[in-house]
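In what follows, a structure is listed as structure tokens, so that the remarks can point back to it.
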Amino acid sequence: MSDGHQNQIDIARLQREIDELSLISENPPPVVTRVLFSEADLRAREFVKKLCREIGLVVREDAVGNIFARWKGSDDGLAPVATGSHIDAIPNAGKFDGVVGVLGAIEAIRSLQRSGLTPKRSIELIIFTAEEPTRFGIGCLGSRLLSGSLSLDRAGTLRDGEGKTLEDRRKTAGFGNQKLESVRLEPNCYSAFVELHIEQGPLLENENIPIGVVEKIAAPSSLRIELTGVGGHAGAVLMPERRDALLAGAEIALAVERAALESGSPDTVGTTGVLRVEPGAVNSIPCRAWLEIDLRDTRVATRDAALKRIETAVSEICRRRKITFALDRLNVDAPALCDAKLVQAISDSCDDLGLACIRMISRAYHDSLFMAQVCPTSMIFIPCRDGVSHRPDEFSSPEQIEKGVAVLAGVLARLSVDSI
Ligand code: GLV
Ligand code: MN
Ligand code: MN
């Protein structure tokens, strides 16, 4: 680190904690899988809460399992400054996505405590429930509810792959003693929110820049489609008679690719990440199929046009193949614009530390997308090897993480005494 380095980061300890948390997983190492409210997710929450309590943070949990850990400031009347990220992990993930922003924030707070800082505003760490969409098909569940962008009616309709509701799941996980409506945050409850995260893309590594400051988060959307055809014997039903749900699904997946490729924008990305079929036997025609589709762009108009094109293709394909379908727009979100003054404050903290930074767009979504609706928000990105993420070989080096944590500590220190 440079001479400007003020808060000593214990990177060896942080790396040990990242490694230890990665072992709390539904799969053997190096794979990390922690689906919302799985046994691994619940154990990971205990691990993080323990670290928070060890340094005197006051911990509370809300009705959907968002965790808040507060380092109390000297002036209770001031809105706290918040930081945080997530510890749930998609199937077959790595150990850094989300975790760097949670364990890194704990180390940032420890470093500020060691430096003797007395925060005026409280500093609050938020560990968001289900940033990943694996269980209910919708990402950022915790922050959507905190910001009010997911209505309680809509939340009531969510079902996981086993048909269980959010209400069922949160009760079983031990969060049922509070009502879901209590999750929504009050206006002006935070002065700012800053999330530290790995970039999940190659730009910082390619440019050899240690820090990215996020100015905008791309607009995500996702669809769930249920296709119903007619099953039958793979030998006995002749081809012209078939109403094969999987084949309709396969055509839809290709239509998603085409809609993204032909949107006119290089930033449109479309993925059919889930395709399940029933009955799933080699000698039986698939009678049902479920698809989950993820479509994003930095420009909302282009994303919406591609979405429309996909939906039109679904109707056309299903009509032609005599398949009935149910299409659910799980989420169609606007992009987020980060707060210009906060972006500047992060950039100033990089200058204080002698670290180069660039301003960038986040193509991945984050809880910051929804925190931006609550208070001034921005993100600190660090490089990750080859831009790889959502894979077990995801990697950021201790040096890269240390720089990100130092910038976060600097920003928190700055915002805990001043307003932006
Ligand atoms: C977050 O994990 C995303 O899919 O962007
Ligand atoms: Mn992720
Ligand atoms: Mn993430």
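The values are calculated or read from the model by the stated rules, or taken from the named source; none is laboratory data. All values reported here derive from a predicted model rather than from experimental measurement. Methodologically, a virtual Cβ is constructed for each residue, glycine included, from the backbone with ideal geometry; neighbour enumeration extends over all protein chains shown. In case anyone asks, the SASA skips ligands and DNA or RNA and just uses the protein heavy atoms, side chains included. Shrake-Rupley method; radii C 1.70, N 1.55, O 1.52, S 1.80 Å.
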* To do: For region 290-298, state whether one or more residues are farther than 18 Å from Arg309 by Cα and surrounded by fewer than 19 Cβ atoms within 10 Å (Cβ to Cβ).
  => yes
* Structure fact -> Among strands (runs of 3 or more DSSP E) entirely inside region 171-241, those with 1 or more residues being of a type outside the set (A, V, I, L, M, F, W, C) and more than 19 Å from Met371 (Cβ to Cβ) are 219-228
* **Qualifying residues in region 81-125 (those that are out of contact with any Leu (no Cβ under 8 Å at 6 or more places or on another chain) and among the aliphatic types (A, V, I, L, M)) - the one nearest to ligand 1 (Cβ to nearest atom)** => Ile90
* Only listed residue being part of a helix (DSSP H, G or I), away from ligand 3 (no atom under 15 Å from the Cβ), in contact (Cβ under 8 Å) with a residue 24 or more places away in the chain and in contact with a Gly (Cβ under 6 Å, 6 or more places away or on another chain), chosen from Asp352, Asp348 -> Asp352
* Structure fact -> Note on region 12-40: residues open to solvent by 50 Å² or more (accessible area, probe 1.4 Å) and either in contact with a helix residue (DSSP H, G or I) (Cβ under 8 Å, 6 or more places away or on another chain) or part of a loop (DSSP other than H, G, I, E, B) (or both) are Ala12, Arg13, Glu20, Leu23, Glu26, Asn27, Pro28, Pro29, Pro30
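Run down Arg135, Arg154, Arg144 and say which single residue is out of contact with any His (no Cβ under 8 Å at 6 or more places or on another chain), away from ligand 2 (no atom under 16 Å from the Cβ) and basic (Lys, Arg). Show your work before the answer.
Values: Arg135 fails: away from ligand 2 (no atom under 16 Å from the Cβ); Arg144 fails: away from ligand 2 (no atom under 16 Å from the Cβ).
Exactly one residue qualifies, and that residue is Arg154.
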* Pair list, Cβ under 7 Å, 6 or more apart: region 248-259 residue within 13 Å of Thr312 (Cβ to Cβ), other residue outside any helix (DSSP H, G or I) and small (Gly, Ala, Ser) -> Val256/Gly270; Ala259/Gly270
* Asked: For region 188-201, which residues satisfy the criterion of being away from ligand 2 (no atom under 16 Å from the Cβ) and closer than 17 Å to Val100 by Cβ?
  -> Phe193, Val194
* Residue count, region 197-233 (criterion: more than 13 Å from ligand 1 (Cβ to nearest atom), open to solvent by 10 Å² or more (accessible area, probe 1.4 Å) and within 30 Å of Ser284 (Cβ to Cβ)) -> 8
* Could you list, in sequence order, all residues of region 181-196 that are open to solvent by less than 10 Å² (accessible area, probe 1.4 Å) and over 16 Å from Pro383 (Cα atoms)? => Val183, Ala192, Phe193, Val194
* Do we have Ser263 as open to solvent by 30 Å² or more (accessible area, probe 1.4 Å), within 29 Å of Ser378 (Cβ to Cβ) and among the small types (Gly, Ala, Ser) here? -> yes
* To do: Hey, could you check region 85-113 for residues that are farther than 16 Å from Phe47 by Cβ, of a type in the set (A, V, I, L, M) and within 14 Å of ligand 3 (Cβ to nearest atom) and say which is surrounded by the most Cβ atoms within 10 Å (Cβ to Cβ)?
  => Ala93
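Residue-wise test of (1) more than 15 Å from Ser191 (Cα to Cα); (2) in contact (Cβ under 8 Å) with a residue 60 or more places away in the chain; (3) surrounded by fewer than 20 Cβ atoms within 10 Å (Cβ to Cβ).
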site	(1), (2), (3)
Asp367	yes, yes, no
Ser378	no, yes, no
Pro392	yes, yes, yes
Lys403	yes, yes, no
Val417	no, yes, yes
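Quick check on Lys164: is it open to solvent by 70 Å² or more (accessible area, probe 1.4 Å), in contact with a helix residue (DSSP H, G or I) (Cβ under 9 Å, 6 or more places away or on another chain) and farther than 26 Å from Ala219 by Cα?
yes
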* Tabulated pairs, region 185-200, first under 13 Å from Gly212 (Cβ atoms), second open to solvent by 30 Å² or more (accessible area, probe 1.4 Å) and within 16 Å of ligand 2 (Cβ to nearest atom), C-beta under 8 angstrom, 6+ apart or interchain -> Gln200/Arg363; Gln200/His390
* Asked: Using beta carbons and a limit of 9 Å, which pairs, at least six apart or on different chains, have the first residue in region 87-112 and aliphatic (A, V, I, L, M) and the second one more than 12 Å from ligand 2 (Cβ to nearest atom) and at pLDDT below 95?
  -> Ala108/Asn7; Leu112/Asn7
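Quick one: which helices (runs of 4 or more DSSP H) sit completely within region 54-165 and have at least 1 residues that are more than 15 Å from the chain's Cα centre (by Cα) and among the β-branched types (Val, Ile, Thr)?
Correct list: 99-114, 152-157.
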